[in-house]
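Taking it in order: structure first as structure tokens, then the write-up.
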Amino acid sequence: MLSAEWTKARTLSSTLWLLAGAIAVTIALSAGVVAATRCTSVGCGDPARVSLTGTYLGQAIVAVLAVLAISDEYSTGMIHLTFTAMPRRVPVLAAKAAVLTALVFAAGVIAVLGSMLAGRLMLPGNGFSDYPSLASGPMLRAAFGTVLYLALIALLSLGLATAVREAAVAIGCVLGLLFLFPLITAFIGGNATLQRHLDQISPMTAGLYIQATTGLRSLPLTPWQGLGVLALWAAGALLLGSLILHWRDA
Amino acid sequence: MTELLRSEWIKFRSVRGLVIGLLLIPILTAGLSVLTASGSQCGWGYQTPSGQQESGGCSAPTGPGGELVQDTFYFAHQPLTGDGSITVRMTGLASSALQPWAKSGIIIKANTVPGSAYAAMMVTGAHGVRMEWDYTQDTAGMPGGVSAATPRWLRLIRAGDTITGYDSADGTHWTKVGTATLAGLPATVQAGMFAATPSDQVTANSSAAIIATGTFDHVSIAGNGTGGTWAGTFVNSGPPNPPGQSGPGGFQQTSTGFTVNGQGDIAPDVPGNNDSTGTPISHALNGVFVGLIVVIVVGAIFITAEYRRGMIRTTFAATPARGKVLAAKAIVLGSLTFVAALIGCAIAIPLASHQLRNGGNVVDPLTALTWLRVVIGTAAVFAAIAVLALALGAIFRRGAAAVSTAIVLIVVPYFLAIALPNLPTVLSDWLMRITPTAAMAVQQTIPRYPQVPAPYGPSWGFFPLSPLAGFAVLCAWTGGALWLAAWLLDRRDA
């Protein structure tokens, strides 16, 4: 079953393009932001978060890849073939998830390495005088955590797409869920407790706490707790997808 | 063409998903706007000496121009009836953390009620001598700071409704700085010295309460009613003080003149400024981005569903002029989403404003014309984005590609500009000018004031382009995409 999913994934040309696109876009946005970031009078930003700014766009492409992995089967009607060959549906979803995770992991490692390298090269020149070594604990955590973050985003998108089936609607739901939570939270004025709670449950905001290396005390969650929130979202989405997969006609 | 429009309309309304999506636009836009507005709060509270809790919502007075203003300062004044003048020499403006717009000088004000008309000549922390009147007007006088070695002479002359400001370095050669016409100025006004400073925006400790002290001598005031004792008033447009506590500030008579110290600002209330209380109207339309995602999905699916089902061949067989089909789709989609968004915004603004006021927030007042521009403008933005998604769908022929491209072009730039506080301003400005998100400028209702320090970012309702320019950028994107789509439709197989 795994090899069937792997064959499907690698023979689709869009898979390679999307993975390459995710890597390119992440590194490009990170490099662009890093080149333009200067220290202000208030202080320098978080070096890891600034270097990894490209994650915001890279995750969108990863989400599209994950949604297409299952929605394409529905739109071409190949899902009938898949479920005829393998009547047990949830293991099919699990195999897809495994292949997807492996692909996104590999692409994520390249993208994160590229972004951190851009930060290492350009940020010390822009005023980040004590730029921590890339091998130090927090920086490693930020880098590795971001790779995990991208994989979790892919799983979250896969789960939602399995539930929704239509590619366009699924992408709208996933990107909406990710980007609109912090947008809406930003506009609730004067209610710091409500904003903190909303930040704690938002998949993208909480998930990206894994990138934080400074100001940890002011965050509503610890970095790993934040990534855990995203993991919960991904698990919930996969569960929802599995249920719908199980109960509805193909 | 009429037949074409009719057939596209039938196609739209017969797809259950598209109709549901269209209905979701006003529901989600208005719903989420009201929901986030209910979460917003603004208020003050203190404990009286007797142990009671007093609290209340935020409030801000409106100036003569109808805009929300901050009017907090310490006023050492005398009444002045009819024409007259006031002249001082200032030898210092000091503060524990001197702000660029800390101000002290002379002022002629209709009365001591916050929000009343005034004209003032002042020295500032970093912007030299200024003449300001009626909150929004500000003119530069002599540059350079004030000190004992570089004193500044300031003069205000009142003639009826007109107040003219002069400055001088030596007290003999005067330069006119500006003329203020304050319509309806009462016969008896208050004239005197004042001091105020906005809260600390220079260092990171922005909650520190600081005071500015102005040093005056050679004070002379002429006119009916003057010549008596100076009265000191803490003019306050902010939260009230607990009883028994007079506001920060005061004035002392020294051997040579006076010192006046005070806190606050006399300026328009600008959202995002540390001391502001007003909420821009864009905060009553927070649901717009949810609505936009629905609009994008509806617009893309309207054409990509035909490709998926193969129905596009039937459509093009019935109408070989493919550009016309695209145009008909655009017209039907645009009109439907315009109406849906119009309803959504028209409901969202009053309901959300009501919820904001319930939470103690002060909603910036709008003229009827501005309100119309915001509502109709936002609905037009929805329609243009729907057509952009339609064009992208025709270009890519796949719903996933069209939706993700549209979201990356429209939602992600806005998100990056708002949610990343450390993003360099040059990047977020550039994002707000080039991408279709520039059209959100239709929601900007408050102009930028050079004399009020504030972030002036999109999260506070400020955009780099004017409403019309921003909408033009979106139209350029949509038009370009439509043109490319029509060209590709003609050249490619269905």
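Helix B:467-491 axis versus longest C-alpha principal axis of chain B: approximately 20°, rounded to the nearest ten. Treating the angle as unsigned and between 0 and 90°, give the value, to the nearest 10°, between the Cα long axis of helix B:425-434 and the longest Cα principal axis of chain B. Computed tilt is about 40 degrees.
In region B:69-268, a dipole from Cβ-located charges (positive for Lys and Arg, negative for Asp and Glu) runs towards its positive end, and of B:Ser237, B:His173, B:Pro186 it is B:His173 whose Cα lies farthest in that direction.
With the charge dipole of the protein assembly as shown set up from +1 on Lys and Arg Cβ and -1 on Asp and Glu Cβ about the Cα centre, the Cα lying farthest toward the positive end among the listed residues A:Ala24, B:Ser199, B:Gly225 is that of A:Ala24. Quick one: helix B:2-14 against the long Cα principal axis of chain B, what's the angle to the nearest 10°, folded into 0 to 90? The helix B:2-14 is inclined about 80 degrees to chain B.
Listed by chain and number, the lysines placed with their C-alpha closer than 23 angstrom to that of A:Lys96 are A:Lys8; residues fewer than eight positions away on the same chain are left out. Report the longest stretch of chain B that contains none of the trypsin sites (Lys or Arg not before Pro) sitting in a DSSP loop with at most 16 other Cβ atoms within 10 Å. Segment B:1-447 is the longest. Give the long-range amide H neighbours of B:Gln70: residues separated by 5 or more places, or on another chain, with amide H under 5 Å away, using H modelled in the peptide plane at 1.01 Å from N. Residues meeting the amide H criterion: B:Ala267, B:Asp269. When the Cα positions of A:Ala206, B:Ala386, B:Tyr74 are compared along the charge dipole of the protein assembly as shown, B:Ala386 comes out farthest toward the positive end, with charges on each C-beta of Lys, Arg, Asp and Glu. For chain B, the relative contact order comes to 20 percent (Cα pairs under 8 Å, sequence separation of at least 6).
Classify region A:2-247 as rounded, prolate or oblate from the Cα gyration tensor: take a ≥ b ≥ c as the square roots of its eigenvalues, call it rounded if a/c is under 1.5, otherwise prolate when a/b beats b/c and oblate if not. Mind showing how you got there, number by number?
Numbers: a/c = 2.40, a/b = 1.64, b/c = 1.46.
Verdict is prolate for region A:2-247.
When both region A:12-71 and region B:260-327 are represented by their alpha-carbon centers, they are found 24 Å apart. Near B:Ala328, once Lys and Arg are set to +1 and Asp and Glu to -1 for all other residues with Cβ below 13 Å from its Cβ, the sum equals +2.
Partner aspartates and glutamates whose Cα lies under 18 Å from the Cα of B:Lys109, excluding those fewer than 8 positions away in the same chain, are identified as B:Glu67, B:Asp71, B:Asp83, B:Glu132, B:Asp134, B:Asp138, B:Asp161, B:Asp265.
Close amide H partners of B:Gly257, meaning residues 5 or more places away or on another chain with modelled amide H under 5 Å apart, do not exist here.
Our summary gives region A:2-247 a relative contact order of 24 percent, counting only alpha carbon pairs under 8 angstrom and 6 or more residues apart.
Under 1.5 on a/c is rounded, so check that first for region B:69-268, then, if it is not, pick prolate when a/b is larger than b/c and oblate when it is not; a ≥ b ≥ c are the square roots of the alpha carbon gyration tensor eigenvalues. Note, shape of region B:69-268 comes out rounded.
Taking the square root of 5 times each eigenvalue of the Cα gyration tensor, what semi-axes in Å does the equivalent ellipsoid of region A:1-148 have, largest first? All intermediate terms of the calculation are to be shown ahead of the outcome.
Details: eigenvalues 296, 39, 23 Å².
One finds semi-axes of 38, 14, 11 Å for region A:1-148.
Residue-wise HN-Hα couplings along region B:444-456, as the Karplus relation 6.51 cos²θ - 1.76 cosθ + 1.60 with θ = phi - 60° gives them from phi, are 6, 10, 10, x, 7, 10, x, 8, 10, x, 6, x, 6 Hz; Gly and Pro carry x.
Rule-based calculations on the coordinates, nothing more; no lab input. Note that the coordinates shown come from a computational prediction; the quantities given were computed from them, not determined experimentally. Cβ atoms come from the backbone with ideal geometry, glycine included; neighbour counts cover every protein chain shown.
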